[in-house]
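Input: a single structure, listed below in structure tokens.
The values are calculated or read from the model by the stated rules, or taken from the named source; none is laboratory data. Just so we're clear, the structure is a prediction, and the values are computed from it rather than from any experiment. Cβ placement follows ideal geometry from the backbone for every residue including glycine, while neighbour counts extend to all protein chains displayed. When the accessible area is computed, the model is the full protein with side chains, heavy atoms only, and any ligands, DNA or RNA have been set aside. Shrake-Rupley method; radii C 1.70, N 1.55, O 1.52, S 1.80 Å.
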Amino acid sequence: MKKGKLFVISGPSGAGKGTICKKVLEADRSIRFSVSMTTRSPREGEVNAVDYHFTDKDSFRRLIETDGLLEHNMYLGNYYGTPKEQVFSWLEEGHNVILEIDYHGAIQVRSSCPECILIFIMPPSVDELRERLRGRGSESQEDIDKRLGEALNDIAHADMYDYRIVNDDVDAAVARVLEIINREEE
Ligand code: 5GP
């Protein structure tokens, strides 16, 4: 059976990656989404095992030590990582898999799975990004400032991606991601 392909979607916090991924998965039910593990606290409305597998730092470190993660990173004092086993079994079953992770993770995935496809979601502008982060209302001003700092760092690494998409229109961005997935499948 044909193996699935691994797609990595990154971009600064607030660029709209989450919304785009959700719509892509609704449009193509054969695609699988890797639910990351994190030690950060759930935001209001976030559901364990749907948005993230929420865990504590000791359990996360044990997973690192036992090689249970495909990649991981520390972001603003919390661990984030991709559980390995589920991703590989989906790929073996022939499913395309999406990881929504930051560029530190993307570098690690590219090194262990060089055939993966890297997609970067750009915000239309830094001002727009600041407004989106504020509008979310879930983070403190200090956290928003830190996220903006990280965002500029993320954008500085956009060149390493195979594709870059400016999210100035969500539906157009979703269509572009689906087009990339279809093209890479051929
Ligand atoms: P948030 O706290 O906004 O959910 O995520 C913060 C950052 O961590 C975002 O840039 C997000 O893409 C990234 N992230 C989420 N899951 C993972 C993961 O499993 N691995 C890595 N390396 N980054 C992740």
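All of E85, E44 fail the test of being charged (D, E, K, R) and modelled with pLDDT of 95 or more, apart from E85. Candidates in segment 18-49 are the residues that are open to solvent by 40 Å² or more (accessible area, probe 1.4 Å) and basic (K, R); of these, the one that is nearest to the ligand (Cβ to nearest atom) is R43.
Annotation note: of L76, L129, the sole residue that is open to solvent by 40 Å² or more (accessible area, probe 1.4 Å) and within 14 Å of the ligand (Cβ to nearest atom) is L76. Within segment 81-126, the set of residues being among the polar types (S, T, N, Q), more than 16 Å from the ligand (Cβ to nearest atom) and either open to solvent by less than 40 Å² (accessible area, probe 1.4 Å) or outside any helix (DSSP H, G or I) (or both) comprises N96, S125.
Taken together, the residues in segment 36-70 that are in contact (Cβ under 8 Å) with a residue 40 or more places away in the chain and within 21 Å of E93 (Cα to Cα) amount to 2.
Among the candidates K57, K23, single out the residue that is of a type in the set (D, E, K, R) and touching an Asp or Glu at 6+ places or on another chain (Cβ under 9 Å). Just one listed residue meets the conditions, K23. Quickly run through segment 17-60 and pick out the residues that are small (G, A, S) and more than 20 Å from N73 (Cα to Cα). A27, S30, G45 - these are the residues of segment 17-60 that are small (G, A, S) and more than 20 Å from N73 (Cα to Cα). The residues of segment 132-152 that are surrounded by fewer than 17 Cβ atoms within 10 Å (Cβ to Cβ) and outside any helix (DSSP H, G or I), listed by number, are G137, S138, S140. Here segment 158-186 is the region considered, the condition is being of a type in the set (K, R) and part of a helix (DSSP H, G or I), and the residue that is farthest from L6 (Cα to Cα) is R176.
Out of R147, R136, R132, one residue alone is touching a Gly at 6+ places or on another chain (Cβ under 9 Å), closer than 20 Å to G77 by Cα and basic (K, R). It is R147.
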